[in-house]
Every structure is written in structure tokens, then in C-alpha cells.
1. Which shape class, rounded, prolate or oblate, goes with chain B when its Cα gyration tensor gives a ≥ b ≥ c as root eigenvalues, a/c under 1.5 marks rounded, and past that a/b bigger than b/c marks prolate?
2. Loop only per DSSP, at most 11 neighbouring Cβ atoms within 10 Å: give me the trypsin sites (Lys or Arg not before Pro) in region A:1-44, ordered by residue number.
3. From the phi of every residue in region B:45-54, what ³J(HN,Hα) in whole Hz does the Karplus formula 6.51 cos²θ - 1.76 cosθ + 1.60 yield, where θ is phi - 60° and glycine or proline is x?
4. From the Cα gyration tensor of chain A, with a ≥ b ≥ c the square roots of its eigenvalues, which class applies: rounded if a/c is under 1.5, or else prolate if a/b is larger than b/c, or else oblate?
5. In region A:41-61, which residues have a backbone nitrogen under 17 Å from the label point lying 7 Å from A:V23's Cα in the Cα-to-Cβ direction?
6. From the backbone phi of region A:47-57, what are the Karplus-calculated ³J(HN,Hα) couplings (6.51 cos²θ - 1.76 cosθ + 1.60, θ = phi - 60°) in whole Hz, Gly and Pro given as x?
7. Of B:K5/B:K54; A:K52/B:K21; A:K7/A:K28, which ones are farther than 24 Å apart at the Cα?
8. Going Cα to Cα from A:K125, which lysines come in below 30 Å? Please leave out same-chain ones fewer than 8 positions away.
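Taken together, the values in this text are just the output of simple stated rules run on the coordinates, not laboratory data. The structure presented is a predicted model; accordingly, all values stated were derived computationally and were not measured. Cβ: placed from backbone, ideal geometry, glycine included. Neighbour counts: every protein chain shown.
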Amino acid sequence: MSYKQFKIFRILTAFFVAILVSVSVSTKNPYLALATVIVGMLFMFMVKRKVKDTLVDERVRTIAGNAALSTYSISVPIIAAISLFLVFTNLSNESSFNYQLGMTLSYIVLFEIAVYSLAYNHFKKKYGSDDEQD
Amino acid sequence: MNKIKIYRAEKNLTQEELALKVGVTRQTIIAIEKEKYVPSLELAFKIARFFDKKIEEVFQYY
């Protein structure tokens, strides 16, 4: 299968998944949405294996890496600032929705930082640490 | 700067064919030719070997 055919399959799959998820939302059926997403992912995984052309190369990986770093650098400070604002403006009422939301967001930020640190250390070891000396 | 376009024309190859030979996407070859993307050493060697040239004959850096 060529890259062009793969792109057509990807668009069609996204189209059908979007339709079925919107049907499941309107009929209040979460199982249909879940099943649709899983089947869609499996289908795309199978289609991807049939593609003979190169889909991902070093340039795509560089772009993805830069995009991921930008996303991390932007999302973490913004979510952290929102969570701090929500927590400190609702300190008097710890059972309020906003306080709970602030706490949840702060844990999400901590989780993101932890995943980033793990991934960073993994790739640092893979591509050679700065600490190594002859 | 690089001479990929020249050597590709000599061999009468399309960007897609060269991409297939060196195992990258067509967009990567376009980006290298337009000097918007600097290839890794591995890819630079692959391209040079494909054209039977030395790496410094294909890629120059000033």
C-alpha cells in the first residue's frame, strides 16, 4: 500500500470514528464510543503495517520531538498557574469544586513533569550521558 | 549547501525515487534540497553513497 492510499484510509477512518462517537454521545452509549475508538485504533494499526513507503523518518521524528517539547514547555506552566490560582483563591473552602479542580490539575502537572523526567533520563542514557568520562 | 538536485538530475531520478532508495519520505528530500533541513550524518552518507560520491562532494558547509 502506498502513502497516498494510507492517507485516504486515515481520513475515512477518522470520519467514521467521528460519526459513531457523535452517535454514541447523542444516544448516551459510552460502550459504543469506546468500541469505536478501539476498533478504529486497531484498524489503523493494521493498515499502517501494510504500508510499504516510509511513513516516519528522522525529519518527522525531529519535528515531533520539537513539537512535544514546545507542548510541554507551554502546557506545564499554564496548567500549573491555573491550578495554583484555583487552589489559593479557594483555600477557605477546600470542599469546593474549584479547589478540587485546582488540586487535580496540580497532580496532572506533577505527573507530566515525572513522565518528562523519566523520558529525558531514558533518552539521555540511550544517546550517551554528559557525565561519562574516559 | 548541497548538490542533491544536480546529481538527481544526472541520474534522472524523481524526489520520490531517491526517497525510496535512501529510506526517507519525499518531503525530507524536498526539505534537504531546499536547505530547510540538515540531514543526519547517517542519511548524508547514505545519499552520498547512493550517488557514488564523497560526502563533501554532495554536502558543503560554510
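1. Rounded is the answer for chain B, as its axis ratio a/c remains below 1.5.
2. Sites meeting the loop and neighbour criteria: A:K28.
3. Per residue, the Karplus-derived 3J(HN,Hα) values read 5, 4, 5, 4, 5, 4, 8, 6, 10, 6 Hz.
4. Judged from the Cα gyration tensor, chain A comes out oblate (a/c at least 1.5, b/c at or above a/b).
5. Correct set: A:41.
6. Once rounded to whole Hz, the list reads 5, 4, 5, 7, 6, 8, 5, 6, 9, 10, 10.
7. Distance filter (> 24 Å) returns A:K7/A:K28.
8. A:K48, B:K36, B:K46
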